[in-house]
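Take a look at the structure set out below.
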Amino acid sequence: VVRCFHPGIRCLLFADDLKLFCHVNTMLDCESLQRAICDLEEWCISYSLFLNPSKCSIVTFHRTVQPVIHDYSLCGSYLRRLEDITDLGVLCDVKLTFSGHIENVAGRAMRALGFLKRNTRAFTDTRALVLLYKA
């Protein structure tokens with residue numbers, strides 16, 4: 001599948017997951033990415049593989065005030081645009097600040113600590129408390 005993309009279009013593969021990406025500065029770059037999506041669709045058809053557009057999405061990572069935005073389509077359906085996406089357990093937002101991810105991780109840690117505090121009030125052995133805390 002990697003060989004069917006034009007120069008400038010990159011992809012990442014992991015298990016049954018594929019990410020296409022490129023630098024987008026002009027509408028020509030958008031058209032190039034759309035061509036890559038169409039090439040992927042044709043490649044899948046030639047190998048009797050089926051894509052589910054409802055499981056596909058677009059994220060435009062940028063730090064500019066007005067990024068170049070384009071509506072991309074796959075199998076005749078427009079792909080939904082997301083403001084953030086979780087990839088391999090990491091929540092990424094469009095500005096790549098990771099603040100949402102940090103909030104999620106800190107929140108889970110605080111809930112776990114609260115659970116330990118509520119359920120170990122009667123413990124007197126400090127070694128047991130330390131062991132639970134480090135687990």
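The values are calculated or read from the model by the stated rules, or taken from the named source; none is laboratory data. Predicted model, so just to flag it, every value in this text is computed and none were measured. Here the Cβ positions follow ideal geometry from the backbone for every residue, glycine too, while neighbour counts run over all protein chains shown.
How many residues are part of a strand (DSSP E or B) and small (Gly, Ala, Ser) if we restrict to region 16-67? Walk me through how you get there before you give the answer.
First, the residues of region 16-67 that are part of a strand (DSSP E or B): 17-21, 57-58.
Right, trim to small (Gly, Ala, Ser) and you get 57.
Final tally of qualifying residues: 1.
Of the numbered conditions (1) more than 16 Å from residue 3 (Cα to Cα); (2) at pLDDT 95 or above; (3) surrounded by 13 or more Cβ atoms within 10 Å (Cβ to Cβ), residue 33 fails exactly one; give the number of that condition.
(1)
Count, please, the residues in region 92-135 that happen to be of a type in the set (A, V, I, L, M, F, W, C), surrounded by 13 or more Cβ atoms within 10 Å (Cβ to Cβ) and in contact (Cβ under 8 Å) with a residue 24 or more places away in the chain.
Total satisfying the criteria: 2.
Here are some conditions: (1) surrounded by fewer than 10 Cβ atoms within 10 Å (Cβ to Cβ); (2) closer than 29 Å to residue 35 by Cα; (3) within 14 Å of the chain's Cα centre (by Cα); (4) free of Cβ contacts under 8 Å to residues at least 12 places away in the same chain. Residue 89 meets all but one. Which one does it not meet?
All conditions pass for residue 89, except number (2).
For region 6-30: of the residues being in contact with a Lys or Arg (Cβ under 9 Å, 6 or more places away or on another chain) and not charged (D, E, K, R), which is surrounded by the most Cβ atoms within 10 Å (Cβ to Cβ)?
Within region 6-30, the subset in contact with a Lys or Arg (Cβ under 9 Å, 6 or more places away or on another chain) is 6, 9-13, 19-22.
Now narrow it down to the ones that are not charged (D, E, K, R): 6, 9, 11-13, 20-22.
Values: 6: 11, 9: 19, 11: 15, 12: 11, 13: 10, 20: 17, 21: 13, 22: 17.
Checked region 6-30; the qualifying residue surrounded by the most Cβ atoms within 10 Å (Cβ to Cβ) is 9.
Kindly establish whether residue 80 is within 24 Å of residue 95 (Cβ to Cβ), in contact with a Phe, Trp or Tyr (Cβ under 6 Å, 6 or more places away or on another chain) and either without any contact (Cβ under 8 Å) to a residue 60 or more places away in the chain or surrounded by 11 or more Cβ atoms within 10 Å (Cβ to Cβ) (or both). Talk me through it step by step, then tell me what you get.
Working: within 24 Å of residue 95 (Cβ to Cβ): yes; in contact with a Phe, Trp or Tyr (Cβ under 6 Å, 6 or more places away or on another chain): no; either without any contact (Cβ under 8 Å) to a residue 60 or more places away in the chain or surrounded by 11 or more Cβ atoms within 10 Å (Cβ to Cβ) (or both): yes.
Here the answer is no, as residue 80 does not meet what is asked.
Just wondering, is there one or more residues in region 85-105 that are of a type in the set (Asp, Glu) and within 21 Å of residue 20 (Cα to Cα)? Spell out how you get there, then give the answer.
Of all residues in region 85-105, those of a type in the set (Asp, Glu) come to 87, 93, 103.
Add one more test, that the residue is within 21 Å of residue 20 (Cα to Cα), and what stays is 87, 93.
The answer is yes, given that some residue of region 85-105 is of a type in the set (Asp, Glu) and within 21 Å of residue 20 (Cα to Cα).
Look at region 101-135 and say how many of its residues are assigned to a helix (DSSP H, G or I) and polar (S, T, N, Q). Let's see the steps before the verdict.
The initial filter retains those residues of region 101-135 that are assigned to a helix (DSSP H, G or I), namely 101-119, 126-134.
Next cut, polar (S, T, N, Q) only: 104, 119, 126.
Summing the residues that are assigned to a helix (DSSP H, G or I) and polar (S, T, N, Q) in region 101-135 gives 3.
Have a look at 75, 44 and point out the one that is touching a Pro at 6+ places or on another chain (Cβ under 6 Å), within 24 Å of residue 14 (Cβ to Cβ), at pLDDT below 95 and surrounded by 12 or more Cβ atoms within 10 Å (Cβ to Cβ).
Only one candidate qualifies: 75.
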